[in-house]
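The values are calculated or read from the model by the stated rules, or taken from the named source; none is laboratory data. Because the structure is predicted, anything quoted here is derived from the model rather than measured. Glycine gets a Cβ as well: all are built from the backbone with ideal geometry, and neighbour counts include every protein chain shown. Surface accessibility is based on the protein's heavy atoms, side chains included, excluding ligands, DNA and RNA. Shrake-Rupley method; radii C 1.70, N 1.55, O 1.52, S 1.80 Å.
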Amino acid sequence: GELLILDGNTLATKKSVRDRKACIECLGFNPAGTLLAVGSDEAVIDFYKVPEFTKVGFSKGLSGNPIHLDWSVDGNIIQVDTTTYTRQILRAPEGAIVPDDAAAKVVWASWKSVLA
């Protein structure tokens, strides 16, 4: 999929990013607005630094394609629901899976997850 960054006033394209061939299913900014997580149908989350929209990391090992994502209050962790009906917790921007005991202590800025 292609990520288009548009000017908010004119809707002119400011930047185009294409890192995956599959379509984009979900995306979201961290609470500070400094990172953007983009989930694609390649079972991957890509992380981009804002406002440059340069790729700074990606996830590995998602069990399925992401369909929902939420950020932690501190903007360092995301939770992802997948098409395989699993919820996975990842550290941003490196994409490493967070162990269950640490995930239980996370305070979420949003909650779109339907699995937890």
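Of note:
- Tally, over the range 60-112, of residues that are assigned to a loop (DSSP other than H, G, I, E, B), within 16 Å of residue 47 (Cα to Cα) and touching an Asp or Glu at 6+ places or on another chain (Cβ under 8 Å): 1
- Qualifying residue in the range 48-57 (condition: of a type in the set (Phe, Trp, Tyr) and open to solvent by 60 Å² or more (accessible area, probe 1.4 Å)): no
- Residue match in the range 84-94 (condition: surrounded by fewer than 19 Cβ atoms within 10 Å (Cβ to Cβ) and among the hydrophobic types (A, V, I, L, M, F, W, C)): no
- Only one entry in 69, 36, 27 is open to solvent by 80 Å² or more (accessible area, probe 1.4 Å), on the phi < 0 side of the Ramachandran plot and under 11 Å from the mean Cα position of the chain (by Cα), namely 27.
- The set of residues in the range 95-113 being in contact (Cβ under 8 Å) with a residue 40 or more places away in the chain and either open to solvent by 100 Å² or more (accessible area, probe 1.4 Å) or out of contact with any Gly (no Cβ under 6 Å at 6 or more places or on another chain) (or both) consists of 109, 110, 111, 112, 113.
- Scanning the range 1-24 for residues that are part of a strand (DSSP E or B) and either of a type in the set (D, E, K, R) or out of contact with any Leu (no Cβ under 8 Å at 6 or more places or on another chain) (or both), we see that the one that is least open to solvent (accessible area, probe 1.4 Å) is 5.
- Where residue 116 falls short, out of the listed (1) open to solvent by 50 Å² or more (accessible area, probe 1.4 Å); (2) out of contact with any strand residue (DSSP E or B) (no Cβ under 6 Å at 6 or more places or on another chain): (2)
- Answer from 114, 107, 73 - the residue that is among the β-branched types (Val, Ile, Thr), more than 15 Å from residue 28 (Cα to Cα) and modelled with pLDDT of 95 or more: 107
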